[in-house]
C-alpha cells in the first residue's frame, strides 16, 4: 500500500508537501497557503537568473526619472533575446501586457511577477490534480485541487514578487510543522 499519491508526484519536494497538506483534512487552507508561497518562491529562484531580474528592474525603472515618459516595451523586447525559457519569458509577456495597460516604473515588474506567480501556482495545482487523478480517485483529486486553489486565491503573491525581484531572501520559510500534543491539533 502506498503512503499517498503525493509521494510519487513528479515535482520538487515543496510541491509534494503542498499536495500532502491539501490532501489532509487536518490542515486548514491558511496552512496550505503558508506552505505554497515558499514553493512558488523556490520555483522562481531556481528558474530565473538574478541578472535577468536586475535587467528587468532596470528596464522598467529607467523611465522613472524622466519628465516625459517613454514606452518601456522596446526595452522589454531587447530582454527577450536573453531570456531563458519558462518563467523569464512568462514574466516578459506579462510585463508587456502590464506596460500596454499604462503602468510605469517598477510597478510593471512587480505586477508582471505577481501574475507569473499566479500562473505558476495554477499550473502546479493542475499538475497535482492530474497526478491524483491517475493515482487516486476523482473525488480526492478534485478536493486537493479545490483546497490548493483556495490557498492560492488567498495568498499574498505581491510580497513574494517583491522579495524575488529585489533579491531578498525569506528568513523564515514556512515548513510543515509536526503536531506533537493535544494543543497542536486541528483548530476548532
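Any read-out appearing in this document is the output of simple, stated calculations on the displayed coordinates, not a laboratory observation. Predicted model only: the values in this text are computed from it and were never measured.
Brief remarks follow.
- All Cα pairs of the stretch 18-121, percent lying beyond 17 Å: 55 percent
- Its residue count N fixes a reference of 2.2 N^0.38 Å for the stretch 103-142, and the Cα radius of gyration divided by that reference is 1.74.
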